[in-house]
Amino acid sequence: MFKNISLKYAFPVVLLALVALWSACEEKEDELSNEVTLYSFGPSVLRGGQLKFIGENLEDVERIILPKDVVIEASEFDSLSAKLIVINVPDDVVEGLVSLQVKGKEDNLVTKTPLSILEPITITSMPDKAVRPGSIITIKGTYLNLIEEVVFATNKSVTAFEEQSRGELKLMVPADAQTGTLVLLDSEEIPNEIQTEEELMVTLPAISGVTPLTVKAGSNVTIKGSNLDLVMSVEFGGSQIVDSANFVSATAGQIVVAVPAATNDGEIALAAPSTVKVTSTEALTLVVPTLTDLTPNPAKTGQNLTVTGTNLDLVSQVVFAGDKEGTIIAGGSDTSITVEIPADAESGTIEFRTQANKSVTSVAVDMVRPGITTMTAEVKLNEDITITGENLDIVKEVWFTGGTMGTIGTATETNLVVTVPVGTNTGVVTLVANNGVEVVSTSALTILAEVPVFDSFPAKAEPGEMLTLTGEKLNLTNEVVFPGDVKATKFGNRTTEILEVYVPDDVQQGMGKITFTTYGTDFTESTDINFTALQDLAVVIYEDVNNSPFGQGGGWGTTTTDFASTEMVRSGSASVKVTYGGDWGGACQLGTWGNSPLSTAGMTSFLVSVYGGDGVVDGQKLALNISGSANGELTLTAGEWTDFVIDLSVFGSPAEISEVWFQDQGVTGTVYMDHIGLK
């Protein structure tokens, strides 16, 4: 039943030690061959075990005196020869030096090493039935008085014993002990370990039943079983844990505990102090709310919705269509709750969620829409119109024909006042509610202003560039004023449907609008236009042709390069056309092969204009490599020129440039390069 582990107690170890021990008595010279000589003995032995002495001329030993004063006569030796004496060690022997009395010698032969007595610790019995934490167990055996520590499973140590004697050890089972073998440790500097072969069974709580199995969060469940007074906590589904201090009641046979609000369906787990868990065989099912009625329906965003039903006090979240969360008004009950409808809620079903990760879905609830009864028929720009109708207080935006958004002044449930912005054209008016629902007027709003109406405007323009604008009533244009309050002085054709105007050289650069005034007091504006000028090159590398000292290279990969394309030009009459195959090929390769490199003295920036042609997708990139440094990154825009100005420090501030090329980063399509140089 038990195994006793004590290596130094084993006889083979003692025998090995005999061979390895040093001499235990004084040696004599070789020539004194008749003298009794002791080479080695023990020196460690069990009481009742055999003790051996090895030497020369040992047959002359008359008796051996063990400590304290235990005399073993030669006649009592188990074995006696010239080289070996074997004796049995009596139980009353203690540790100390050993004396050998030799015939005819006045002085005894005394060992240099003291005799060491080994105690054989054994276990003869321990509890064979399950024991409760906190109970006293008895271990029986031999030399248990030498035990200083008992270790339970999971290294739970006990060093304070209830009782301890040579044959018996009593100790308390720790509250958090687990089933497993015991290990007894003695007082040696390196303790000997005596491990039980059988496990000590530690009692755990047991569940015999849980009621009710269908339960409402916040109500009580009763757990029945045995040893339930050992339970430290109850864990519900969803990792909801209730500590024993918060139990409603607890005895050895029954626990009553409230179900946490966020409990999910699932089994119940009881945790003992040892952290071992006992799980129920039956699962709890959490009840869900039921819905009887929702009023009003249709409902209005921003107002309250009354919900009736059962178990509504479990509802912790109300989500309207469009994933918009409402606000539960305090003061509800299990049969009725009030919810504030979010301003942007959409028509549709409503989901009522509980903390138990359960939900119930309502019938569809329609959200009311703004309605237009009357509307101002005609108006001048920058003046107000009045719209009457219903639910106009939930309108967040008013859009006019021409893509302009009005400014809402006053807004009530039945009345809406809106300022008509410049740029508005005659047409319908669109009301946008808080939830995104759009209502379009059935009649058109007539714009009275006599202003030109333009079809479209460019996204960007350059100083000196001629803009060709088309539209209606363009002949009404008196002055064209560019950003910076700069008036145009140079025009091309001016007809009812075409207006050609040159961008002034001193236009304020950046995003801005063009103002078109009439011969009266009215005016209109363009959309935002990016006014930017192409910067001059201090040193030209390519402008229509490659400039000395640069020559043309063939590139690599599946690319093709045309250094004299006239298809798409940024400045001058030609540009470099490159077709990339998406294999990270290099193109537009310019180098000073055989010539002196280009000095960058006095220069700070590298300039290049790039156009995204057929096959190019917005956001694709090229790597710009200057003299082996590929740190320049060019982001392409399809259908537009982009002017890049890159600081030379990006390339390590080279003192001279010997080569330039452009490598694709997965680009498949046509790209044009122009206006390449330094500044």
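Table: residues versus (1) assigned to a loop (DSSP other than H, G, I, E, B); (2) in contact (Cβ under 8 Å) with a residue 40 or more places away in the chain; (3) buried (at least 17 other Cβ atoms within 10 Å of the Cβ); (4) not assigned by TED's automatic domain parsing to the domain that holds residue 217.
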{"residue": "242", "(1), (2), (3), (4)": "no, no, yes, no"}
{"residue": "267", "(1), (2), (3), (4)": "no, no, no, no"}
{"residue": "274", "(1), (2), (3), (4)": "yes, yes, yes, no"}
{"residue": "280", "(1), (2), (3), (4)": "no, yes, yes, no"}
{"residue": "302", "(1), (2), (3), (4)": "yes, yes, no, yes"}
{"residue": "316", "(1), (2), (3), (4)": "no, yes, no, yes"}
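Just checking, does region 379-401 include any residue being surrounded by 15 or more Cβ atoms within 10 Å (Cβ to Cβ) and closer than 27 Å to residue 238 by Cβ?
no
In region 471-498, how many are within 59 Å of the chain's Cα centre (by Cα) and within 26 Å of residue 571 (Cβ to Cβ)?
Total satisfying the criteria: 6.
What tally of residues in region 502-524 results from selecting those that are surrounded by 13 or more Cβ atoms within 10 Å (Cβ to Cβ), within 10 Å of residue 486 (Cα to Cα) and in contact with a Gly (Cβ under 9 Å, 6 or more places away or on another chain)?
4
Sort out which residues of region 136-156 are surrounded by 12 or more Cβ atoms within 10 Å (Cβ to Cβ) and within 17 Å of residue 178 (Cβ to Cβ), and write them in order of number.
137, 150, 151, 152, 153, 154, 156 - these are the residues of region 136-156 that are surrounded by 12 or more Cβ atoms within 10 Å (Cβ to Cβ) and within 17 Å of residue 178 (Cβ to Cβ).
So if I check each of 422, 417, which one is part of a loop (DSSP other than H, G, I, E, B) and surrounded by fewer than 19 Cβ atoms within 10 Å (Cβ to Cβ)? Can you show your working first?
Details: 417 fails: part of a loop (DSSP other than H, G, I, E, B).
Result of the check over 422, 417: 422.
Quick grid of which residues meet (1) assigned by TED's automatic domain parsing to the domain that holds residue 382; (2) part of a strand (DSSP E or B); (3) of a type in the set (Asp, Glu); (4) over 22 Å from residue 641 (Cα atoms):
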{"site": "471", "(1), (2), (3), (4)": "no, yes, no, yes"}
{"site": "475", "(1), (2), (3), (4)": "no, no, no, yes"}
{"site": "479", "(1), (2), (3), (4)": "no, yes, yes, yes"}
{"site": "501", "(1), (2), (3), (4)": "no, yes, no, no"}
{"site": "507", "(1), (2), (3), (4)": "no, no, no, no"}
{"site": "521", "(1), (2), (3), (4)": "no, no, no, yes"}
{"site": "524", "(1), (2), (3), (4)": "no, yes, no, yes"}
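Between a first residue in region 120-135 that is free of Cβ contacts under 8 Å to residues at least 12 places away in the same chain and a second residue that is of a type in the set (Lys, Arg) and not in a loop (DSSP other than H, G, I, E, B), which pairs have beta carbons less than 7 Å apart while being 6 or more apart in sequence or on different chains?
Note: no pairs meet the criteria.
Evaluate the following for residue 105: is it out of contact with any Gly (no Cβ under 9 Å at 6 or more places or on another chain), closer than 30 Å to residue 204 by Cβ, assigned to a loop (DSSP other than H, G, I, E, B) and of a type in the set (D, E, K, R)?
Details: out of contact with any Gly (no Cβ under 9 Å at 6 or more places or on another chain): yes; closer than 30 Å to residue 204 by Cβ: no; assigned to a loop (DSSP other than H, G, I, E, B): yes; of a type in the set (D, E, K, R): yes.
Against the criterion (out of contact with any Gly (no Cβ under 9 Å at 6 or more places or on another chain), closer than 30 Å to residue 204 by Cβ, assigned to a loop (DSSP other than H, G, I, E, B) and of a type in the set (D, E, K, R)), residue 105 does not qualify.
Kindly provide the set of residues from region 528-580 that are hydroxyl-bearing (Ser, Thr, Tyr), touching an Asp or Glu at 6+ places or on another chain (Cβ under 8 Å), part of a strand (DSSP E or B) and under 25 Å from residue 467 (Cα atoms), ordered by number. Walk me through it before giving the result.
Filtering region 528-580 for residues hydroxyl-bearing (Ser, Thr, Tyr) gives 532, 542, 548, 558-561, 565-566, 571, 573, 575, 579-580.
In the following step, the residues that additionally are touching an Asp or Glu at 6+ places or on another chain (Cβ under 8 Å) were identified as 532, 542, 558-559, 571, 573, 575, 580.
Keeping just the survivors that are part of a strand (DSSP E or B) gives 542, 575, 580.
Listed by number, the list holds a single entry, 575.
Does residue 492 count as surrounded by fewer than 18 Cβ atoms within 10 Å (Cβ to Cβ) and without any contact (Cβ under 8 Å) to a residue 40 or more places away in the chain?
Numbers: surrounded by fewer than 18 Cβ atoms within 10 Å (Cβ to Cβ): yes; without any contact (Cβ under 8 Å) to a residue 40 or more places away in the chain: yes.
In short, yes.
Given the options 430, 414, 470, 424, name the one that is within 26 Å of residue 519 (Cβ to Cβ) and modelled with pLDDT of 95 or more.
On the way: 430 fails: within 26 Å of residue 519 (Cβ to Cβ); 414 fails: within 26 Å of residue 519 (Cβ to Cβ); 424 fails: modelled with pLDDT of 95 or more.
Only one candidate passes the filter, namely 470.
The values are calculated or read from the model by the stated rules, or taken from the named source; none is laboratory data. All values reported here derive from a predicted model rather than from experimental measurement. Cβ: placed from backbone, ideal geometry, glycine included. Neighbour counts: every protein chain shown.
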